[in-house]
2 protein chains.
Amino acid sequence: MTYDLYYWPGLPGRGEYVRLVLEAAGAEYRDMARLDRSQGGGVEAMFAFIRGAKGPRRPLAPPFLVDGDIILSQTAVIVAFLGERHGLAPDLEADRMFARSIAATTADFVGEAHDTHHPLGVALYYEDQKAEAARRAEAFRNERMAKFLGWYEALIGDNPAGSSYLAGDALSYADLGLFQTVEGLRYAFPRRMKTLSPDYPLVMALCDRVAAGPRISAYLGSDRRTPFNEDGIFRHYPELDGD
Amino acid sequence: MTYDLYYWPGLPGRGEYVRLVLEAAGAEYRDMARLDRSQGGGVEAMFAFIRGAKGPRRPLAPPFLVDGDIILSQTAVIVAFLGERHGLAPDLEADRMFARSIAATTADFVGEAHDTHHPLGVALYYEDQKAEAARRAEAFRNERMAKFLGWYEALIGDNPAGSSYLAGDALSYADLGLFQTVEGLRYAFPRRMKTLSPDYPLVMALCDRVAAGPRISAYLGSDRRTPFNEDGIFRHYPELDGD
């Protein structure tokens with residue numbers, strides 16, 4: 001079985017959350033928008049799904065994953081589906097369901113990180129909303145980052161399986177999402193992450209373990225891993241960072 | 001089995017999306033934050049879960065649903081769980097998975113509706129971000145509303161089951177979410193919805209059918225249904241509306 005992943009080429013964005021689960025699972029997949037048109041890929045192939053030319057179940061936006069008749073959109077939905085199918089989700093039902101809640105909460109956190117540079121919406125460029133972005137980013141740095149990071153820290157510390165993961169007793173898609181989010185925050189807000197990180201030792205240790213796993217460490221060193229940049233969700237605008 | 005739902009009392013908000021599925025399913029539930037402290041309810045009982053005093057699996061925020069050992073947060077996760085358990089989800093796997101994507105996309109739409117009055121974040125009052133809200137609301141009215149509503153319209157029109165629902169051949173939690181969102185938009189943006197509605201006849205007809213269902217119509221006429229107000233997600237600020 002080969003999955004087809006569709007996401008904007010050239011930026012990690014939300015697609016990277018899906019890629020990490022596929023890579024950690026050792027699943028076969030094609031990163032369609034990065035393929036040539038001659039292989040059925042390219043951005044136009046992605047838009048064909050969105051405008052309904054490839055079937056009735058059209059996504060509103062990327063990322064989306066195609067597996068035969070199944071088409072899934074929304075990062076939190078896709079990663080839960082893949083994680084539960086490929087042994088990257090907790091076995092116990094209570095943990096399994098809670099992992100879904102964690103991934104959806106991470107999607108909210110990622111959305112808030114995005115909104116620091118686009119508080120007035122995606123119809124305007126960052127350059128047209130810089131003053132508003134500065135205000136939103138300040139609130140994000142001073143309140144939201146600690147709220148979310150503190151929540152993950154508490155989940156790891158109180159994990160009823162006694163493990164050092166977010167849910168259950170082994171690595172899950174929830175942990176992979178936290179890793180990518182912390183990486184993004186380190187890229188976008190390096191000064192703030194430097195002051196905040198010591199308060200969340202369990203989060204930071206978990207992220208280190210995720211990065212050191214054999215499949216993920218190989219992936220991170222490969223050319224399939226896209227660096228963060230200023231087209232993505234996590235953007236390094238120094239004027240939005242602060243201690 | 002009785003579910004315990006926790007959500008802010010006094011506003012419909014995201015909790016209402018969960019209530020509608022519980023009501024359409026005919027499921028027993030307690031609306032905990034509306035109950036008296038003597039019954040184990042109240043807002044303090046809700047905060048006890050959030051701060052981890054009721055168990056290790058703590059939600060970041062309401063709404064959340066407790067069912068024995070299972071605790072679920074995030075609206076899109078909760079409604080999918082309930083819908084799939086109570087016959088309010090498609091049977092065919094492709095539709096079942098796609099319904100999850102629809103509910104998560106609706107959660108994004110609801111988040112954008114919220115951000116029209118809080119573009120700089122929840123740390124500031126609306127009164128402290130009115131100018132920014134006006135700009136964000138304009139983009140929401142002029143671009144985002146049509147984008148989302150047009151997507152739902154296309155899903156109903158192209159439904160592979162040939163039904164007039166969003167996914168599968170019967171009412172699902174995805175339809176209930178669309179209904180509540182359209183109700184909220186009608187409350188918050190009555191002028192804009194008046195000009196937009198004629199373009200989305202399938203959406204409007206589906207919402208009418210949802211409201212006319214026996215359980216939902218009884219619920220809408222009951223005192224369990226909370227009216228929209230300016231403490232919630234969908235707020236009627238006339239200065240944010242327009243044709």
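Below, the figures for the structure above:
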| read-out | value |
| --- | --- |
| Every residue from the stretch B:107-120 that is open to solvent by 10 Å² or more (accessible area, probe 1.4 Å) and either over 14 Å from A:L120 (Cα atoms) or part of a loop (DSSP other than H, G, I, E, B) (or both) | B:A107, B:D108, B:H118 |
| Residue within the stretch A:49-59 that is open to solvent by 10 Å² or more (accessible area, probe 1.4 Å), in contact (Cβ under 8 Å) with a residue 40 or more places away in the chain and out of contact with any His (no Cβ under 9 Å at 6 or more places or on another chain) present | yes |
| Subset of the stretch A:60-84 [assigned to a loop (DSSP other than H, G, I, E, B), buried (at least 22 other Cβ atoms within 10 Å of the Cβ) and more than 7 Å from chain B (Cβ to nearest Cβ)] | A:P62, A:P63 |
| Residue match in the stretch A:31-44 (condition: open to solvent by 20 Å² or more (accessible area, probe 1.4 Å), among the charged types (D, E, K, R) and assigned to a loop (DSSP other than H, G, I, E, B)) | yes |
| Failed item, numbered, when B:I102 is tested on (1) within 16 Å of A:L72 (Cβ to Cβ); (2) open to solvent by 30 Å² or more (accessible area, probe 1.4 Å); (3) of a type in the set (V, I, T) | (2) |
| Number of positions in the stretch A:121-136 that are over 23 Å from A:V77 (Cβ atoms), of a type in the set (A, V, I, L, M, F, W, C) and either more than 8 Å from every other protein chain (Cβ to nearest Cβ) or open to solvent by 60 Å² or more (accessible area, probe 1.4 Å) (or both) | 3 |
| Residue within the stretch B:166-175 that is of a type in the set (F, W, Y), at pLDDT 95 or above, open to solvent by 50 Å² or more (accessible area, probe 1.4 Å) and in the same structural domain as B:F109 (by the TED database) present | no |
| Pairs with Cβ under 7 Å, 6+ apart, first in the stretch B:97-114 and at the interface with chain A (Cβ under 7 Å from one of its Cβ atoms) and free of Cβ contacts under 8 Å to residues at least 12 places away in the same chain, second open to solvent by less than 10 Å² (accessible area, probe 1.4 Å) and of a type in the set (A, V, I, L, M) | B:M97/A:L72; B:S101/A:L72 |
| Candidate set: the stretch A:121-158, residues that are at pLDDT below 95 and among the aliphatic types (A, V, I, L, M); chosen: the one nearest to A:E183 (Cα to Cα) | A:V122 |
| Test: residue in the stretch A:118-129 that is in contact (Cβ under 8 Å) with a residue 60 or more places away in the chain and either in contact with a Phe, Trp or Tyr (Cβ under 8 Å, 6 or more places away or on another chain) or not assigned by the TED database to the domain that holds A:P190 (or both) | yes |
| Boolean, B:R51 is of a type in the set (K, R) and either in the same structural domain as B:Y173 (by the TED database) or touching an Asp or Glu at 6+ places or on another chain (Cβ under 9 Å) (or both) | no |
| Residue match in the stretch B:155-163 (condition: of a type in the set (A, V, I, L, M), open to solvent by 10 Å² or more (accessible area, probe 1.4 Å) and in a helix (DSSP H, G or I)) | no |
| Scope the stretch B:203-235; condition closer than 16 Å to B:A137 by Cα and either surrounded by fewer than 17 Cβ atoms within 10 Å (Cβ to Cβ) or aromatic (F, W, Y) (or both); matching residues | B:E230, B:F234 |
| Restricting the stretch B:156-170 to residues that are aliphatic (A, V, I, L, M) and under 14 Å from B:R100 (Cα atoms), the residue that is farthest from the other protein chains (Cβ to nearest Cβ) | B:L166 |
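The values are calculated or read from the model by the stated rules, or taken from the named source; none is laboratory data. In this text, all values refer to a predicted model and were calculated from it rather than measured experimentally. We place every Cβ from the backbone using ideal geometry, glycine too, and count neighbours over all the protein chains shown. What goes into the accessible areas is simple: the full protein's heavy atoms, side chains included, and nothing from ligands, DNA or RNA. Shrake-Rupley method; radii C 1.70, N 1.55, O 1.52, S 1.80 Å.
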